[in-house]
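Notes follow the structure.
The values are calculated or read from the model by the stated rules, or taken from the named source; none is laboratory data. The model shown is predicted, which means the values in this text are computed figures rather than measured ones. Glycine also receives a Cβ, built like all others from the backbone with ideal geometry; neighbour counts cover every protein chain displayed. Each accessible area value is taken on the protein alone, full model and side chains, heavy atoms only, with ligands, DNA and RNA left out. Shrake-Rupley method; radii C 1.70, N 1.55, O 1.52, S 1.80 Å.
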Amino acid sequence: MPAPSGEPAAAPASAVAPTLAELMDFVRGAARDEALIASLPLDPEERTWIRLDGPGGSEAWLIGWPPGTGTGWHDHADSFGAFTTAAGALTEHSLAVRLPTDGWRTLELKDGVDRTRELATGQGRAFGQNHVHEVLNDSGTAHAVSVHAYYPPLPRIRRFSRTGPVLRLEQTERPEDWQ
């Protein structure tokens with residue numbers, strides 16, 4: 001069982017990075033851990049989370065999603081990762097395009113780059129570096145819970161706004177902003 005942790009996980013210099021498959025196995029296993037899922041306090045209005053010890057120095061989170069909440073458009077910079085819905089259902093909107101990593105504020109997206117996935121309990125996905133998405137609990141009545149893991153531990157998150165085909169970089173967050 002993954003252990004909750006209050007400190008950021010730093011990979012030892014000699015650590016071997018976990019693979020996407022290992023991160024996916026971890027989030028699936030954690031999502032099946034009923035005691036872990038039950039340990040997450042759920043707030044009726046705001047997301048809640050518990051930091052977990054992920055495999056191989058990865059950063060992992062157990063997240064509670066009240067009805068109607070979401071992340072907004074964002075990426076995980078140079079980290080790759082995986083997540084699985086442990087309870088309820090989540091919707092992921094993503095972009096099937098690789099964005100420039102730096103040096104831009106506004107981009108116009110081409111037609112056909114939007115993807116949507118419905119992730120019911122037990123379903124999840126892995127993703128590569130610079131994956132741009134938003135995750136939502138579209139339910140009007142039920143909480144959702146999910147498990148996420150990232151490697152390397154998140155160096156930054158870029159947050160975006162979107163109006164039609166226009167994606168605008170709004171801010172860059174660093175670990176000290178969400179720890």
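Key figures for this structure:
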| item | result |
| --- | --- |
| Karplus 3J(HN,Hα) series, Hz, for the stretch 63-71 with 6.51 cos²θ - 1.76 cosθ + 1.60 (x for Gly, Pro) | 10, x, 10, x, x, x, 9, x, 8 |
| Backbone HN-Hα couplings from phi across the stretch 131-138 [Karplus 6.51/-1.76/1.60, Hz, Gly and Pro as x] | 6, 9, 7, 9, 10, 9, 9, 6 |
| Karplus (6.51, -1.76, 1.60) ³J(HN,Hα), θ = phi - 60°, over the stretch 38-53, in Hz, Gly and Pro reported as x | 5, 6, 7, x, 9, 9, x, 10, 10, 5, 10, 7, 10, 6, 10, 7 |
| The chain, accessible area per residue, ligands and nucleic acids excluded (1.4 Å, Å²) | 49 |
| Relative contact order (percent, whole number), the stretch 78-179, Cα cutoff 8 Å, 6+ residue spacing | 40 |
| Virtual spin-label span in nm between D111 and T91, 7 Å along Cα→Cβ | 2.3 |
| Sequence of V97, V135 when ordered by accessible area, the most exposed leading, probe 1.4 angstrom | V97, V135 |
| Burial order of peptide ranges 17-26, 167-176 (average beta-carbon count within 10 Å, highest first) | 17-26, 167-176 |
| Amide H contacts under 5 Å for S79, placed H, 5+ residues apart | N130 |
| Förster-model FRET efficiency, 25 Å R0, E170 and R28, C-beta, rounded to 0.05 | 0.15 |
| Rounded percent of accessible protein surface that carbon and sulfur make up, the chain, 1.4 Å probe | 51 |
